[in-house]
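Notes to accompany the following structure.
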Amino acid sequence: MENKVTIDPSKVGKYHMAVNCVILGFDKNELNVMLGKRKFVVDGNTVSDYILPGTLMHASESLDDTIQRVLTERLGLNGIRKFQIKTYSANECPVKRNDVEWVKQQIGTEIDTPISIAYLSGGKIGRKLNLQNALEGYEWYPINKAMEMPLAFNQTTMISDAMEFLRYHIEIEPLIVFNLLPSKFTALQLRTLYECIFGKTLDVRNFTKKMKQYEYVVPLDEVEKGVAHRAARYYRFDRVKYKRFRRGI
């Protein structure tokens, strides 16, 4: 006799897939995260909080299509690397009533049993954005400050997990670090970025020695200008040498 698996229909949710992206930026001294500001009315009360770039997945889309739509169509960010961090069930990233009401106001229906897929990406802070969304606009916020701000959909968890992902993978795939830096940078800028990521002070001598071992960090015949201290040498990230380095791993 064939065994049949019995499923209680009342326990099967109507799933909505959402994609969110933790986009990091670096401004010489501080690590930042991109957030949009939400402002809407629930039961006559104005709600004001912040949200990561994201959207609901269309029925005809793949995950890659959806995250690309967020980055390209909404933000105007083309050609940037993204990493899938984690998938969150409704229990792991609970939806508050304000979030339900906001989505209903945006798309005209309530969401039921949402599943959120989080991505990590990096962008240059000076990069011009093409903001085509219903929010007041996305801006950069210091990541330490953002963790204390009121965020939609409990997205504090997503940012925290993105930082853990970055710390774990940075030695395996350091490309995202260089995507945060300007086209030419100093050893101090690179070290400061690593210190922001790991949340601790690094030994200058050891860090510089390690940096010079990477062939894809190329010294330039150019130094800082107009600085009061001793002018530091500039470096650049060589993508061709990096690809060759990766193939050799």
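The values are calculated or read from the model by the stated rules, or taken from the named source; none is laboratory data. Values in this document were obtained by computation on a predicted structure and should not be read as measured data. Positions of Cβ are backbone-derived with ideal geometry, glycine not excepted, and every protein chain shown enters the neighbour counts.
Just a few scattered comments:
- Of all residue pairs spaced 6 or more apart or on separate chains, those with beta-carbon atoms under 8 Å, a first member in the stretch 220-236 that is more than 20 Å from VAL204 (Cα to Cα) and a second member that is among the small types (Gly, Ala, Ser) are LYS225/ALA231.
- Residues that are over 27 Å from SER89 (Cα atoms), in a helix (DSSP H, G or I) and not acidic (Asp, Glu) occur in the stretch 163-175; there is at least one.
- Among residues of the stretch 100-150 being at pLDDT 85 or above and in a loop (DSSP other than H, G, I, E, B), the one that is surrounded by the fewest Cβ atoms within 10 Å (Cβ to Cβ) is GLU148.
- Residues located in the stretch 195-221, provided they are within 25 Å of the chain's Cα centre (by Cα), in a helix (DSSP H, G or I) and closer than 20 Å to ARG246 by Cα: MET211
- Any hit, the stretch 192-210, residues being free of Cβ contacts under 8 Å to residues at least 60 places away in the same chain and touching a strand residue (DSSP E or B) at 6+ places or on another chain (Cβ under 8 Å): no
- Output for the stretch 19-54, where each listed residue is assigned to a loop (DSSP other than H, G, I, E, B) and either among the basic types (Lys, Arg) or buried (at least 24 other Cβ atoms within 10 Å of the Cβ) (or both): LYS28, LEU52, PRO53
- Taken over the stretch 153-162, the criterion of being of a type in the set (S, T, N, Q) and part of a helix (DSSP H, G or I) is satisfied by ASN154, THR156, THR157, SER160.
- Among the residues of the stretch 59-66, not a single one is touching a residue at least 40 places away in the same chain (Cβ under 8 Å), outside any helix (DSSP H, G or I), out of contact with any Gly (no Cβ under 9 Å at 6 or more places or on another chain) and of a type outside the set (Phe, Trp, Tyr).
- When the stretch 75-99 is filtered for residues that are surrounded by 14 or more Cβ atoms within 10 Å (Cβ to Cβ) and in a strand (DSSP E or B), the ones remaining, listed by number, are LYS82, PHE83, GLN84, ILE85, LYS86, TYR88.
- Scanning the stretch 151-172 for residues that are loosely packed, with under 14 Cβ neighbours inside 10 Å and within 18 Å of CYS21 (Cβ to Cβ) turns up SER160, GLU164.
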